[in-house]
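All remarks here apply to the structure that follows.
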Amino acid sequence: MNMKYRVKQKRNGINDNELYYAVPVWSGLIGTREIAQELAGRSSLTPADIRATLIGLVEVMEKYLHSGYSIKLDDLGVFRLSLTSAGYASPDACTPHRVNAAKLCFRADPQIKKNLKKVKFERDKS
C-alpha cells in the first residue's frame, strides 16, 4: 500500500515565487475499534480486551504526564507535555496559575524514523 500525495502550488515566503510541493492525501481516520480488531487477529486477546487495555493506557499516561513524567513506549517513542507562559519581569511573577500545558509532544523511536525510508508514494489521480 502506498501513501498518496497531491501537488499544490504555494508561495515561497523568501522571494514570493510560487513553487509546487507534495502534500499528503489522508486516507482516513483509524479508530480504537479498528486497531483493536486488527491486533486481536494477531494475538489471543479479544477486541474488547485490547480496547480496555488501550483505554487504560490513556488514563495511566495522562496521570503520569500531568505529574511531569515523560513516557517511553518501547518501539513507539516518547510522549511529554510542553508548557508555556507569558514573559515576566521577575521570577516571582511567574506563578502556577500563569503556566499552561501547551501541547502533547511525541518523539518517534529511532527504528520508526528509520522505517520512514521504506514508505512508498503514489501521486493521487483526482
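The values are calculated or read from the model by the stated rules, or taken from the named source; none is laboratory data. Please read all numbers here as calculations on a predicted model, not as lab measurements. Here Cβ is always computed from backbone atoms with ideal geometry, including for glycine, and neighbour counts include all displayed protein chains.
Quick one: is A48 in contact (Cβ under 8 Å) with a residue 12 or more places away in the chain, assigned to a helix (DSSP H, G or I) and among the aliphatic types (A, V, I, L, M)? Explain how you work it out, then say what you get.
Values: in contact (Cβ under 8 Å) with a residue 12 or more places away in the chain: yes; assigned to a helix (DSSP H, G or I): yes; among the aliphatic types (A, V, I, L, M): yes.
Against the criterion (in contact (Cβ under 8 Å) with a residue 12 or more places away in the chain, assigned to a helix (DSSP H, G or I) and among the aliphatic types (A, V, I, L, M)), A48 qualifies.
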- For the stretch 1-30, enumerate the residues that are surrounded by 10 or more Cβ atoms within 10 Å (Cβ to Cβ), closer than 30 Å to R51 by Cβ and not aliphatic (A, V, I, L, M). K4, P24
- Query: Just a yes or no: is a residue in the stretch 50-62 surrounded by 10 or more Cβ atoms within 10 Å (Cβ to Cβ) and on the phi > 0 side of the Ramachandran plot?
  - Reply: no
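Could we say that A22 is in contact with a strand residue (DSSP E or B) (Cβ under 9 Å, 6 or more places away or on another chain), farther than 30 Å from K120 by Cα and modelled with pLDDT under 95 here? First the steps, then the outcome.
Details: in contact with a strand residue (DSSP E or B) (Cβ under 9 Å, 6 or more places away or on another chain): yes; farther than 30 Å from K120 by Cα: no; modelled with pLDDT under 95: yes.
Criteria not met by A22.
Which ones in the stretch 111-126 are surrounded by 10 or more Cβ atoms within 10 Å (Cβ to Cβ) and either over 11 Å from Y5 (Cα atoms) or touching a Cys at 6+ places or on another chain (Cβ under 7 Å) (or both)? Before you say what the answer is, go through the steps one by one.
We begin by selecting, within the stretch 111-126, every residue surrounded by 10 or more Cβ atoms within 10 Å (Cβ to Cβ); these are 111-115, 121-124.
Result: Q111, I112, K113, K114, N115.
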- Would you be able to tell me the number of residues in the stretch 42-98 that are in contact with a strand residue (DSSP E or B) (Cβ under 9 Å, 6 or more places away or on another chain) and within 28 Å of I112 (Cβ to Cβ)? 21
- Which condition number does A102 fail, the rest of (1) assigned to a strand (DSSP E or B); (2) at pLDDT 95 or above; (3) of a type outside the set (K, R) being met? (2)
- Within the stretch 25-44, work out how many residues are closer than 29 Å to K125 by Cβ and either part of a loop (DSSP other than H, G, I, E, B) or among the aromatic types (F, W, Y) (or both). 7
